[in-house]
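Below: the structure, in structure tokens.
The values are calculated or read from the model by the stated rules, or taken from the named source; none is laboratory data. What you see is a predicted model; the values in this text were computed from it and never measured. In this analysis, Cβ positions are derived from the backbone assuming ideal geometry, glycine residues included, and neighbour counts consider all displayed protein chains. Note: accessible area is taken over every heavy atom of the protein model, side chains too, but ligands, DNA and RNA are not part of it. Shrake-Rupley method; radii C 1.70, N 1.55, O 1.52, S 1.80 Å.
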Protein chains: 2
Amino acid sequence: MAAGNILNHMVQYRTTPDDAFAAVADPTRRGILERLGTRDASITDLADAFDMTLTGMKKHVQVLEDAGLVTTAKVGRVRTCRLGPRRLTKEAAWIARYEEMLNARYDRLEAFLERTKGD
Amino acid sequence: MAAGNILNHMVQYRTTPDDAFAAVADPTRRGILERLGTRDASITDLADAFDMTLTGMKKHVQVLEDAGLVTTAKVGRVRTCRLGPRRLTKEAAWIARYEEMLNARYDRLEAFLERTKGD
């Protein structure tokens, strides 16, 4: 059964320990990713761009780094941030399967309503 | 410029206040959505299925309800949960644009490496 297969896939993915969803749940962190999408930036650049303290920005970058979405490298006194190595492929796949399941559900409901219309 | 357009879209979306990413960042909450994808369930059913206390399950359902991903209705003493009305369309679109931006970035890097190979 299709719904069962989708569910199995989802349950399997659910056990993945590292979770990028939490990292992108924050609008500032999504903004940091978007910015790094155009060019690499130092923590200071990012703090300026988002009008935040260095300490605040470091925390956000740390969360992104822990999720594997950002890599940082220190050269001299400057820590530069860049995207990667992790992508959001699994997260996109989870959402796609969820939407697929929702659609299947709506289809079944519609078919049921259609069947019972004459009763 | 394509990258600029993508960025504008992203910044626009960033201001959306209600955030479903945070709701699906928790593996138990993703599990609840998956389960509700197969059938509606009471809070008690869900608490049993996830081996949690009623109080713990109520909190998770509340987060999903606040995000619009789950609707609950009380009939007699039983509160039934079902999916909707919100879908994850915007979240899927954000991830898709992010991946697109990453790809564009890798392409530019590759082109640069190709150009400088002979130097």
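General observations
- Inter-copy spacing of residue B:66 label points, which lie 7 Å from Cα along Cα→Cβ, given in nm from shortest upward: 2.0
- Eligible aspartates and glutamates near residue A:90 by straight Cα distance, threshold 16 Å, same-chain separation 8 or greater: A:18, A:19, A:99, A:100, B:26, B:34, B:91, B:99, B:100
- Local electrostatic count at residue B:71 - Lys and Arg +1, Asp and Glu -1, tallied over other residues with Cβ under 14 Å: +3
- Cβ-derived FRET efficiency at R0 41 Å, residue B:116 paired with residue B:39, nearest 0.05: 0.10
- Nm distances between copies for residue A:54, ranked from closest, using label points 7 Å along Cα→Cβ: 5.3
- Förster-model FRET efficiency, 41 Å R0, residue B:72 and residue A:50, C-beta, rounded to 0.05: 0.65
- Label point of residue B:79 (7 Å along Cα→beta-carbon): distances to the other copies' equivalent points are 4.1 nm, sorted ascending.
- Residue-level accessible surface for residue A:117, protein heavy atoms, 1.4 Å, Å²: 140
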